[in-house]
Amino acid sequence: MKIAPTWRAGLLAAAAIVALAAHAGPSDAQTAGAQTAPAQSVVRVGIHGADIGSLDPHMSAQTIDNVIHAWIYGGLVRFPAGTIDPSRIEPDIAESWTKSPDGLVWTFTLRPGVKFHGAYGEVTADDVVYSLKRAGNPKTSAFSSDFKSFDKVEAVDPRTVRITLKTPVPSLLGLVTAQRGGYVISRKADEEAGGQYTSKAIGTGPFQLEEYRSKQFVALVANPTYFRGRPKIDRVVYRFIPANESRDLAFRSGELDLFYGRKDQRWVDRMKQTPGLAIEVFGPGELRLINLNTSMKPFDDIRVRQAVAHAINRQDFVKFVGADVVSPNPSVVPLGYLGYTDQVPRFEYDPEKSKHLLKEAGYPNGITIKVLGSNRSFVEPYQLLQAQLAKAGITMELQLVEHTAWHAQIRQNLSAMVVYTAARFPVADIFLTQFFHSASAPGKPTAVTNFSHCAVADQEIDAARVEQDPKRQLELWHAAQKKIVENVCAVPLFDEDQVWGRSTKLDFGHKLEASISFGPMLTEQSTLK
């Protein structure tokens, strides 16, 4: 990372003030109710994007959207706040469930009295069936591939939902938990919205939509009929502040209570000195992968992919980002997931070997690759990646584009290399399926995030999904990881934790160890002094 000289730091501070004004949220009068409700508790949040992608929980996987979805929506089941341990999944909209001995039929009994926001009434089995079918439809969901094992979803009666699977899945509860495609929406609200659910955003969670102003803020208010009790926080203002310096400045100016931080050790160490600020570092760790597009030259040649792998020094990345924030990972599944293994082939750092491999592949003078990058993610470490590759004779021409445009373009197969950071429900199947199964490659109807166009472990991934013997299932997941790493579909770098700044006046009401939404969970127990 380049440290700005004193004169540049002054310009950054000035730019931060301008950016802060440009992305200002509601005025103090607005957020405090124009002094008419002095006791109102308002949490002001600063997020790193320029605007929401979608408040429709089935249509976006962006962190900026996931964080706020978790405050608005619920699922049949959920992780207890502050955890992502699958063994601790608990009831949410459902009060209980059973499964058949073969794991193919699951029956959920809904909790009585759970209401949607506003005037949309009590949640019924029909809403749940509608939501799960919607989540499994590629026209209405970014997560449809997660539900391909679903055969039928039926409303047995107004409080009973039955899910019948074609084949067993490693974690059915993971698909219907309060995250991504598992969120339950109001059928009536969706039909009224006519495909524009962002304008409705009717859920069952502790906070409900009050107002959305594009590129400015989303305002939420406490859900007065939340079945766990009305939240102690009255209002949440979710402000879009893309510039890192602007969020830092906004907190120091007393304008934020919670904000997206930086996954950078120096930032963490510096901000720890700020009075009234607590730094929250929590899971899940997101695995940063260098996906090599095997459908494009020169990465259709394994020797070139091996050359990239030998050009990467992971320890330099760990030092660069910070040991408190990241952990090196040799595999293509995030650390700690059920099914993870570190017993995979290793490509030791050896730039000279990279040059030799390139020569063998017919590139004695090295190669030049064009890479699309997000202007919001991984910008500074890209410089380190460029420097490491250059030592091995690999020139990386980087084109930074706006984050949303980058997401669209990499799904159009426009980049030879895709540096991507992600976490999923903590079971190996979902990560392996989405990133390394041939059905998930861009251009296919079932496309997800297989930017490598990897197809070497389909057999193991498919077999593990239906395997009923836990030991054999683990063996299959391990075998899949070994094949993928050996064929250099991707070069794993490290897992990086979530980093947020929190006012010491804000109490989440639970211990924050991890959050499946990648942001702190605000619940009915959260308070602001």
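The values are calculated or read from the model by the stated rules, or taken from the named source; none is laboratory data. Keep in mind that this is a model prediction, so the values were computed, not measured. Cβ placement follows ideal geometry from the backbone for every residue including glycine, while neighbour counts extend to all protein chains displayed.
Points worth noting:
- Matching residues, the stretch 404-442, being within 23 Å of Gln386 (Cβ to Cβ), in a helix (DSSP H, G or I) and within 15 Å of the chain's Cα centre (by Cα): His407
- When restricted to residues that are surrounded by 21 or more Cβ atoms within 10 Å (Cβ to Cβ) and more than 16 Å from Cys489 (Cα to Cα), the stretch 326-339 contains 3.
- Within the set Arg111, Arg134, the sole residue that is surrounded by 14 or more Cβ atoms within 10 Å (Cβ to Cβ), within 25 Å of Asp429 (Cα to Cα) and either in contact with a Leu (Cβ under 6 Å, 6 or more places away or on another chain) or at pLDDT 95 or above (or both) turns out to be Arg134.
- Sole residue being outside the structural domain of Val325 (by TED's automatic domain parsing), closer than 30 Å to Cys489 by Cα, assigned to a loop (DSSP other than H, G, I, E, B) and in contact (Cβ under 8 Å) with a residue 24 or more places away in the chain, chosen from Arg262, Arg230: Arg262
- Tally of residues being aliphatic (A, V, I, L, M), assigned to a strand (DSSP E or B) and either assigned by TED's automatic domain parsing to the domain that holds Leu335 or in contact with a Gly (Cβ under 8 Å, 6 or more places away or on another chain) (or both) across the stretch 476-508: 4
- Check on Asp151, modelled with pLDDT of 95 or more, charged (D, E, K, R), in the same structural domain as Ser515 (by TED's automatic domain parsing) and surrounded by fewer than 22 Cβ atoms within 10 Å (Cβ to Cβ): no
- A search for C-beta distances below 6 Å between a residue of the stretch 340-356 that is assigned by TED's automatic domain parsing to the domain that holds Ile367 and any residue that is of a type in the set (Val, Ile, Thr), counting only pairs 6+ apart in sequence or on different chains, returns Tyr340/Val333; Val344/Val485; Pro345/Val485.
- Just so you know, in the stretch 190-217 the residues that are aliphatic (A, V, I, L, M) and modelled with pLDDT of 95 or more include one that is farthest from Pro426 (Cα to Cα), and it is Leu209.
- The listed residue being surrounded by 20 or more Cβ atoms within 10 Å (Cβ to Cβ) and farther than 19 Å from Val491 by Cβ, out of Phe436, Phe425: Phe425
- Every listed requirement among (1) among the polar types (S, T, N, Q); (2) in contact (Cβ under 8 Å) with a residue 60 or more places away in the chain; (3) in a loop (DSSP other than H, G, I, E, B) is met by Asn365 save one, (2).
- Residue check for Arg472: in a strand (DSSP E or B) and not aliphatic (A, V, I, L, M): no
- Some residue of the stretch 176-189 being within 29 Å of Leu432 (Cα to Cα), out of contact with any His (no Cβ under 9 Å at 6 or more places or on another chain) and not aliphatic (A, V, I, L, M): yes
- Whichever residue in the stretch 473-500 is more than 18 Å from the chain's Cα centre (by Cα) and farther than 14 Å from Ala428 by Cα and, among such residues, is surrounded by the fewest Cβ atoms within 10 Å (Cβ to Cβ): Glu486
- Total residues in the stretch 503-513, condition under 20 Å from the mean Cα position of the chain (by Cα) and either buried (at least 22 other Cβ atoms within 10 Å of the Cβ) or at pLDDT 95 or above (or both): 1
- Residues that are crowded, with 21+ Cβ neighbours inside 10 Å and among the small types (Gly, Ala, Ser) within the stretch 282-321 comprise Gly283, Gly285, Ala307, Ala309, Ala311, listed in sequence order.
- Number of residues in the stretch 274-284 that are modelled with pLDDT of 95 or more and of a type outside the set (A, V, I, L, M) equals 4.
- Counting only strands (runs of 3 or more DSSP E) that sit completely within the stretch 91-164, those holding 1 or more residues that are without any contact (Cβ under 8 Å) to a residue 24 or more places away in the chain and farther than 23 Å from Gly194 by Cα correspond to 94-99, 150-157.
- Just so you know, in the stretch 207-223 the residues that are assigned to a strand (DSSP E or B) and of a type in the set (Gly, Ala, Ser) include one that is nearest to Asp51 (Cα to Cα), and it is Ala219.
- Selected residue [within 30 Å of His117 (Cβ to Cβ) and among the hydrophobic types (A, V, I, L, M, F, W, C)] from Val268, Val281, Val237, Val318: Val237
- Answer from Asp56, Asp51 - the residue that is charged (D, E, K, R), surrounded by 19 or more Cβ atoms within 10 Å (Cβ to Cβ) and either modelled with pLDDT under 95 or in contact with a helix residue (DSSP H, G or I) (Cβ under 6 Å, 6 or more places away or on another chain) (or both): Asp56
- Residue tally, condition surrounded by fewer than 18 Cβ atoms within 10 Å (Cβ to Cβ) and either closer than 24 Å to His48 by Cβ or not small (Gly, Ala, Ser) (or both), over the stretch 385-400: 7
- Yes/no for Ile68 being assigned to a helix (DSSP H, G or I) and either touching a Gly at 6+ places or on another chain (Cβ under 8 Å) or modelled with pLDDT of 95 or more (or both): yes
- Residue match in the stretch 458-470 (condition: without any contact (Cβ under 8 Å) to a residue 24 or more places away in the chain, crowded, with 19+ Cβ neighbours inside 10 Å and touching a Lys or Arg at 6+ places or on another chain (Cβ under 9 Å)): yes
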